[in-house]
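Inspection log for the structure reproduced underneath, given as C-alpha cells.
The values are calculated or read from the model by the stated rules, or taken from the named source; none is laboratory data. In this text, all values refer to a predicted model and were calculated from it rather than measured experimentally. Glycine gets a Cβ as well: all are built from the backbone with ideal geometry, and neighbour counts include every protein chain shown.
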Amino acid sequence: MPSSARRRLGFAGLVLSLALVLATVLAAFARVSWLADIAVQFRVQFVAGAFLAGALLLLGGRRRWLVVVAAVAALNGWFIADSSRSGDSMAFAWGARPAQAASDARRTSAASGVAIRVAAVNVLYLNDQYPRVLDWIRRAAPDVLAVPEASARWVEQLGTLAVDYPYRRLSASNGRFQTALLSRWPLEDGLAPAFARADNRYVEAVAVIRGERVRVVGVHAVWPLTPAHARLRNAEFAAIAQAAATLREPLILMGDFNSTALSPHFQQQLRGVAGLRSAAAGFGWQPTWPAAWFPVGIQIDHVLVSPSFKVVSFGRGPLVGSDHLPIFADLALPSHLLASRLTQRQ
C-alpha cells in the first residue's frame, strides 16, 4: 500500500478514535445533561465505530492507538450488556415471523399459565401505508395492541379491525394524533386512571384476558430533543414509576418511549423504582427507529412488564411505511402466581 494511503487511513482512524473517546466521555454525563442522554443511546454504534477505527489504525500503522479503541469498545459493551440483562427469557426471536412465533410462543405460554401476546406500532401520523400496517396486525394477531401517532384517518382505518378488536380506548388528542389501544378482550369501564392524564398521550385500560385482570398502557413519551422536552420525558418516566408502585394488577406498558434502555433515566425510574423489565432483554439487538436506517438504529419502542410476567419471546415486524418498526412480545402469567392470586381473592 502506498505510504500516502497508509497515512490517510491512519489519520482517519485517529480522528474516529478521538471522536469515539469524546462521545463515550460525554455519555458518562447522561444523568445530568440532555445532550449526553442523547449520546448514551448510541453505545452500540460506539462499539461498531471502535472496530472500524481499529481496522483503520491497523492499516494506517498506528497500532499504539488500538488500546484506546479497545477500551472504548469494552466500556460501551459493558454498559450494553448491563442494560440487556434478563433473568427469564426463554427464546431468541430475532427475525421471527409473527404468525409462527405466535403459534410457538402461545404453546409454550399455555403450558406455563395464561398466555398473552401484545404488540405496538407507532404508525407515524403522516404515513398512508394503511394496508401494510393492518396486514401486519392481522398476521401478528396480538391480544392487545398499542398504536401511537394515530391520526383521525388512522383511527378510522383501525376501525376496520373491529371484528377482531371490538374493544378500544383512545388517549387525549394533541390536535394531530392520539394513542390507540385495541383489544380482543373486554376492557373494564369506570377505570380510575393511574397513568393517562388529559395533558399527555398515554392511554390505559384493565383488560380481562382469559379471566385475568391485566393493566395495559399505551405509551407515547415526549421526545428529548431539547432540554425542555428532555425534562418532560424524564418527568413522565418518574410518573410511570410512581403509578406502577400503586397497582395490584399485573402491568404491561408498550409503545414509543423515545428512549433506549441505555438511558440512566429509563434505568433509574422504569427499571429501578418501578421494578419493570423489558421484554426485549436477552433477545439481542432490536433497533426499532429509524426503521430504514439499520446501522444507526436504536430501540426506543418497548414492552415493559411487571415481575409477575414470564417473557416467552420478543420480536420486530417489517417496514410498514412508518419511521418505527412494529414490536410484539409473548408473555405468560405463571400458573403458581395465578393460584396465589386466586387464594388472595378468596
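Here are a few things to note about the model shown:
Yes/no per residue for (1) β-branched (Val, Ile, Thr); (2) modelled with pLDDT under 95; (3) under 11 Å from the mean Cα position of the chain (by Cα):
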| residue | (1), (2), (3) |
| --- | --- |
| 211 | no, yes, no |
| 214 | yes, no, no |
| 225 | no, yes, no |
| 240 | yes, yes, no |
| 252 | yes, no, no |
| 268 | no, yes, no |
| 274 | no, yes, no |
| 292 | no, yes, no |
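- Condition check for residue 131: free of Cβ contacts under 8 Å to residues at least 12 places away in the same chain and not aliphatic (A, V, I, L, M): yes
Rundown of residues vs (1) among the basic types (Lys, Arg); (2) under 21 Å from residue 309 (Cα atoms); (3) assigned to a strand (DSSP E or B), yes/no style:
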site	(1), (2), (3)
216	no, yes, yes
223	no, no, no
230	no, no, no
234	no, no, no
237	no, yes, no
252	no, yes, yes
258	no, no, no
261	no, yes, no
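- Put simply, of 40, 44, 69 the only residue that is touching a residue at least 40 places away in the same chain (Cβ under 8 Å), buried (at least 20 other Cβ atoms within 10 Å of the Cβ) and over 26 Å from residue 229 (Cβ atoms) is 69.
- Check on residue 73, over 20 Å from the mean Cα position of the chain (by Cα) and under 24 Å from residue 260 (Cβ atoms): yes
- Any hit, the stretch 18-33, residues being farther than 26 Å from residue 265 by Cα, free of Cβ contacts under 8 Å to residues at least 60 places away in the same chain, of a type in the set (A, V, I, L, M) and not in a loop (DSSP other than H, G, I, E, B): yes
- Residues in the stretch 218-264 that are aromatic (Phe, Trp, Tyr) and either surrounded by 19 or more Cβ atoms within 10 Å (Cβ to Cβ) or in contact with a Gly (Cβ under 9 Å, 6 or more places away or on another chain) (or both): 237, 257.
- Residue selected from the stretch 128-143 under the condition touching a strand residue (DSSP E or B) at 6+ places or on another chain (Cβ under 8 Å) and not β-branched (Val, Ile, Thr), by the criterion nearest to residue 323 (Cα to Cα): 140
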